[in-house]
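Please read the structure below before turning to the comments.
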Amino acid sequence: MQTPNRLKPFYENLVFEKEGNQMIVNFGPQHPSAHGQLRLILELDGEQVVKAVPDVGYLHRGMEKMAENMIYNEYLPTTDRMDYIAAASNNYGFALAVERLLDIEGEVPRRAEVIRVMLLELNRIISHLFWLATHALDVGAMSVFLFCFREREFAMDLMEDYCGARLTHSAIRIGGVPLDLPSDWIDNLHKFITKMPENIADYEGLLTENRIWKMRLEDVGTLSTEEAMSWGCSGPTLRGSGVAWDIRKEEPYGIYDELDFKVPVSDKGDSYGRYKLYMEEMQQSVEILHQTIPLYKKSPHGLMAKVPQYVSATKEELMTDNFALMQHFVLVTQGMRPPVGEVYVATESPKGELGFYINSQGDPYPYRLKVRAPSFFHTALLQEILVGTYLADVVTIIGNLNIVFGEIDR
Amino acid sequence: MREYQNRKNAQAKAYYSDRFYSAPPVPTTDVATDEVFAADLKSLESKFKIAKSYIQAGQMVLFINPEDIKAVMIHLKEELAYNFMSEMSAIDFLEKAGEFELFYQMLSMTKKKRLRVKFSIKEDQAVETISDVFSSANWAEREMFDMFGIIVNNHPYLKRLIMPEDWNSYPLLKTYPLIGDEAGQWYEIDTIFGKEHRAVVGPEIRDTKRVDAKDTTQFARVRHEVPYGEAPSSKPTNYAQFQEDGGVPLITKFNGEQKTLKDRK
Amino acid sequence: MAQHKVNYLQESGLPVALTTVDKLVQWGRSNSLWPLTYGLACCAIEMMASGASRYDFDRFGTIFRASPRQADVMVVAGTLTKKHAQFIRRLYDQMTEPKWVISMGSCANTGGMFNTYATVQGVDRVIPVDIYLPGCAPRPETLQHALMILQKKIRRESAFQKLKPKRLV
C-alpha cells in the first residue's frame, strides 16, 4: 500500500512513437552504466540516433552558492565532492587559485610542493583506473572492472595512510599540505609503482588487441580537431583529437617543470585512440612518481607557507606561541581577507582543464566562485557527437568521455 | 526589535568587519609590459572601444561594450588565435552597482596566453549569443540563464539546464538565500505529494548548529544508543551483534574475537 | 532526519511467534537481497568498491540489479537533489514488495554538508527508510555492516505481513 502521490507516468511533452521507424528513448537519470545521473533523451531511427538531448542537473547541490557563504578554508572539503573520483586534484585546483589570488604561490615550501605532486599523480592513476573499470564494465568486459578496482584499492590504501580518507581527501590546503608522509609511505608507494606497469600490461593484454574491444571502440565517437576545440574539450578528449595541449607542460605549476614526462597524443580522434592515451598516461604518471621519490628525500622540512596574514601557523607554534594562537583563532572564526580582485587558474585534472575563477571583494567569503568543470563541456559535446551513432555506441561514447556528475552539476 | 535582514543580499556576512580596514587590490600591471598582450590589445583597439585593460595575475583583462561581444569573439578567434573559450559566466553586482558583470575566459594555445573579456549589463538587458562562434558557449550561456536570469538572444535552446524546469527564481542571485525560498524548500513535497502533504512531513531542518546532548528523540548518541525517549546512558552499544546469538542456519557464524586480517600486500 | 517522532530503535512491533515457514522464508529473503543500483554521487563509488574485489558484496548473496522490478533493497548512495526527488519516488513505487531502503551516507540521511536550495534534506522526506548509514563517504565495511543489520531485521519480521503501510518519515 503506497502513499498515494501525484506521480503519473509522463515524460514532459515527449511523444514516444513518431512516424516511420522513429522512437524516443529516455536514458533516464538512473541507469546501470555507472556514470552518475545523466538523462539523455534520444530520438532513434531504428537503431541509429537522430537527435540526442542531454539533461543534467540531477546532482546540482549549489556548490557555487555555498562558496559565497563560507570562508575559503571551510570550502575546501566541498571541492572534494566535485570530481569525487580524484578528490585531491580539485583541492589542489582550488588551493592554487586562492594562492595565486593571495600571491603566496612562491611561499609554499618545497616539501609541500613535492607531496602535492605525488598526491596529484596518485589521484590521476586512481581516476584513470576507475575510468577503465567503468568503461570496460559498460562495454561488457566485466573482469577488467574487478582487476582495476583491485589496483585502485592499493592506491586508496596509500591515500588512506596519508590523510585518513579513501575517497574525499581534503589532503591539500591553502598554503601547503597539512601532514607529512608517514614513515613507510614511500616504501609502500615504491612497491605500488613498481608493480603498476605489470598491471597496466595485464589490462592492455586483455583489451588492446582484443577483437571485440577494437570493434566496439574503433571509429566510434570520432571527434575532429575543430569540433574538439570549439566545444571546449580538454584533457585526454582533446589530446585524442590531435591537439598536444597539456597544462602541466604548457603552463607549468608546482614542480612540473622539473619533472620529465611525455604527453601522449592521438591523431585518430576515436574512442580507441583515447583508450590508448589513457593507458599511456597511467604509465607516465608512474614515471613521474618514480622521479618524485628522490625529490622528497632531498627536500627540507616545512609543510605550510609562512604567511601569518592568511595561513595559520603550524601546530607546534600554535601550542606554544600566543600570537600564533590569536591569529589562528581569527583566521578560523572570521576567515582571512584576501585582496580585492579576481583570478582564474586552470590545472590539469585527470579529466581535463579544471579551472577555478574566484572574484573576491575583500570579504572573508568569495564574492563569486565559478568552477570550470571539464566534464560539463564534454557532456555538452554529447548532443553533437551522438548523432548518427548506434544505440550500443552511445554507452561506449559516454563511458569513453570520462564524465563525472559531481563536477558537471556542482 | 527584530534583526535587520538585508533583502538585497541574502548571503552570509562576516560577523565582524573592521571599519577602517580596506582590502588592498590584487596587483595589476600595465599591458605594455608584455609584448604579446600589447600587440593583441592594439589589434583590438583598432576595431573596438576598450574601456579599460590591465594584466592581473598573468592574464590580460579587457572591458568592452556589451554590443560588441560577438564581433570581439570573432576577431579573437580568427585574427588573434584565441580559439578556445574556457568558460563564461556572470557575477551579480546588483546591490553594489545595479548591474551584472559578465566575463569570458579565453585561451590561446599557440601563444600560451589567457585573456578575459568583461562587460557590464543592466538587470533586464540581454546579451548576444556566441554559440555559433564557440560551441562551448551553448551550455555555458544556458547555465548563466538558469542561474542569473540573463536572457541570451538567438540562442538555439535557451532553457533551464541545471535546475528543474519549473523552478522559481534564479538561484545565484544575491537576493536568493542559500537555503532557498518557500517554493524551493517545499519543491519536492509539492511535486510528488501535493501541497496538502506539507503538514504531514513538516519543514526541513536547516539549522546546522542545533545540537542537544540530552535529547534522545532526535539524536542517537553514537556508540551509546538508547531506545527512543529514554534517558541517555553511558553504557556502550555492542555493535558486533551482526547475527543472532544462535547463529543463522547454513551461514558461517561470525566470531568477533577471531582476527582474520592477513598481511597487506 | 525525521521531523516526526518515529522510534527508530524499537523492534518494529510484530508478532513475536514466528513459525517455521516464516523463519524459512525470511531466511531466504535475507540471504539473497538484490540491491537496486542507485548510486547518485560519491557514495556510489564506495558502493561499487564494496561490490568489487576486496570487499566482495557477492558473498552476501547480493546481485546488483538495474531494474526496480527485480530488486529488493534500494541503497540510496549519494545526494538526492530536488530535481531528482520525483524519480526516486517513482522508482521506489515501482519496486515490488517486500522492499527495504538503506540510506547510505550523510547526504542521503539528512542532506549532509549541502545545506542548500537544491538538496533534499534527507531521503526520508520522500521514501521510508529502514537503515541509516552514517559517513561521508562511509567505508565499504560500513555498508556491509548495514546490510547485515538489515538481514537481521528481516529475519525478525513475519513473512506474510499484510502490505503494511510504511510510515513515511
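Based on this model, can you work out whether A:Glu348 counts as under 23 Å from B:Leu115 (Cβ atoms) and in contact with a Lys or Arg (Cβ under 6 Å, 6 or more places away or on another chain)? Spelling it out, A:Glu348 is indeed under 23 Å from B:Leu115 (Cβ atoms) and in contact with a Lys or Arg (Cβ under 6 Å, 6 or more places away or on another chain).
When C:Ser50 is tested against (1) within 16 Å of the chain's Cα centre (by Cα); (2) in a loop (DSSP other than H, G, I, E, B), only condition (2) is not met. Looking across segment A:126-183, just one residue is in contact (Cβ under 8 Å) with a residue 12 or more places away in the chain, basic (Lys, Arg) and within 12 Å of chain C (Cβ to nearest Cβ), and that is A:Arg152.
Within segment B:143-167, the residues that satisfy the criterion of being more than 10 Å from chain C (Cβ to nearest Cβ), over 17 Å from the mean Cα position of the chain (by Cα) and not basic (Lys, Arg) are B:Ile151, B:Val152, B:Asn153, B:Asn154, B:His155, B:Pro156, B:Tyr157, B:Leu158, B:Asp166.
A:Arg372 fulfils the conditions (1) under 17 Å from A:Ser89 (Cα atoms); (2) in contact (Cβ under 8 Å) with a residue 60 or more places away in the chain except for a single criterion, (2).
When A:Arg216 is tested against (1) modelled with pLDDT of 90 or more; (2) assigned to a helix (DSSP H, G or I), only condition (1) is not met. The set of residues from segment A:27-47 being over 20 Å from A:Phe145 (Cα atoms) and surrounded by fewer than 17 Cβ atoms within 10 Å (Cβ to Cβ) comprises A:Asp45, A:Gly46, A:Glu47. Keeping to segment A:23-37, report how many residues are assigned to a loop (DSSP other than H, G, I, E, B) and on the phi < 0 side of the Ramachandran plot. Total meeting the criteria: 9. Just one of (1) within 24 Å of A:Arg410 (Cβ to Cβ); (2) within 10 Å of chain A (Cβ to nearest Cβ); (3) in contact with a strand residue (DSSP E or B) (Cβ under 6 Å, 6 or more places away or on another chain); (4) not aromatic (Phe, Trp, Tyr) fails for C:Lys82. It is (3). Scanning segment B:117-142 for residues that are over 21 Å from the mean Cα position of the chain (by Cα), in a strand (DSSP E or B) and surrounded by fewer than 21 Cβ atoms within 10 Å (Cβ to Cβ) yields B:Lys122, B:Glu128.
Of the residues examined, C:Asp58 is not one that is among the acidic types (Asp, Glu), touching a residue at least 40 places away in the same chain (Cβ under 8 Å), more than 24 Å from C:Gln121 (Cα to Cα) and in contact with a helix residue (DSSP H, G or I) (Cβ under 9 Å, 6 or more places away or on another chain). The C-beta contact set for segment A:85-100 (first residue closer than 15 Å to A:Ala373 by Cα and within 14 Å of chain B (Cβ to nearest Cβ), second residue aromatic (Phe, Trp, Tyr) and surrounded by 24 or more Cβ atoms within 10 Å (Cβ to Cβ), distance under 7 angstrom, 6+ apart or interchain) comprises A:Gly93/A:Phe356; A:Ala97/A:Phe356. Restricting attention to segment C:24-47, the residues being of a type in the set (Gly, Ala, Ser) and part of a loop (DSSP other than H, G, I, E, B) number 2. Between a residue in segment C:21-49 that is modelled with pLDDT of 85 or more and any residue that is part of a helix (DSSP H, G or I) and among the β-branched types (Val, Ile, Thr), which pairs come within a Cβ distance under 6 Å, given they are 6 or more apart or on different chains? Correct list of pairs: C:Gln26/C:Ile154; C:Arg29/C:Ile154; C:Ser30/C:Ile154.
Residue-level check: of (1) in contact (Cβ under 8 Å) with a residue 12 or more places away in the chain; (2) under 24 Å from A:Leu401 (Cβ atoms); (3) touching a helix residue (DSSP H, G or I) at 6+ places or on another chain (Cβ under 7 Å); (4) in a loop (DSSP other than H, G, I, E, B), A:Gly254 misses just (2). Selection of segment A:367-402 for residues being among the acidic types (Asp, Glu) and within 10 Å of another protein chain (Cβ to nearest Cβ) yields only A:Glu384.
Quick check, is A:Phe405 more than 7 Å from chain B (Cβ to nearest Cβ), closer than 30 Å to A:Lys276 by Cα, touching a helix residue (DSSP H, G or I) at 6+ places or on another chain (Cβ under 9 Å) and crowded, with 21+ Cβ neighbours inside 10 Å?
When the stated conditions are applied, A:Phe405 passes them.
Assess whether A:Glu280 counts as being of a type in the set (Asp, Glu) and closer than 20 Å to A:Val114 by Cα. No; evaluated as a whole, the condition is false for this residue.
Counting only helices (runs of 4 or more DSSP H) that sit completely within segment A:57-151, those holding 1 or more residues that are of a type in the set (Phe, Trp, Tyr) correspond to A:72-80, A:87-102, A:110-139.
State which residue is farthest from A:Asn91 (Cα to Cα) when the search covers only segment A:308-340 and only residues that are away from chain B (no Cβ under 14 Å) and either in contact with a His (Cβ under 7 Å, 6 or more places away or on another chain) or among the β-branched types (Val, Ile, Thr) (or both). Looking at the filtered set, the residue picked out is A:Thr320.
Filtering segment A:219-239 to residues that are over 17 Å from A:Glu281 (Cβ atoms) and of a type in the set (Ser, Thr, Tyr) leaves A:Thr222, A:Ser224, A:Thr225, A:Ser230. A:Pro294 falls short on exactly one of the conditions (1) assigned to a helix (DSSP H, G or I); (2) touching a residue at least 24 places away in the same chain (Cβ under 8 Å), and that condition is (2).
Looking at A:Tyr390, A:Tyr367, just one residue is under 30 Å from B:Leu94 (Cβ atoms) and surrounded by fewer than 23 Cβ atoms within 10 Å (Cβ to Cβ), and that residue is A:Tyr367. I'd like to check something: does segment A:219-228 contain any residue that is under 26 Å from B:Ala57 (Cα atoms) and either away from every other protein chain (no Cβ under 12 Å) or surrounded by 16 or more Cβ atoms within 10 Å (Cβ to Cβ) (or both)? No. Residues in segment A:341-366 that are assigned to a loop (DSSP other than H, G, I, E, B) and more than 8 Å from chain B (Cβ to nearest Cβ) were compared, and the one that is nearest to B:Ser136 (Cα to Cα) is A:Lys351.
Looking at this structure, is B:Lys70 among the basic types (Lys, Arg) and surrounded by 15 or more Cβ atoms within 10 Å (Cβ to Cβ)?
yes
Of all residues in segment C:87-102, those satisfying the criterion of being more than 14 Å from chain B (Cβ to nearest Cβ) and under 13 Å from the mean Cα position of the chain (by Cα) are C:Met95, C:Pro98, C:Lys99, C:Trp100, C:Val101, C:Ile102. For segment A:38-46, the criterion of a residue being modelled with pLDDT of 85 or more, closer than 25 Å to C:Pro35 by Cβ and either at the interface with chain C (Cβ under 8 Å from one of its Cβ atoms) or in a loop (DSSP other than H, G, I, E, B) (or both) is satisfied by at least one position.
The values are calculated or read from the model by the stated rules, or taken from the named source; none is laboratory data. This structure is a prediction, so every number in the text was calculated from the model and none was measured. Don't worry about glycine lacking a Cβ; one is built from the backbone with ideal geometry, like all the others, and counts go over all protein chains shown.
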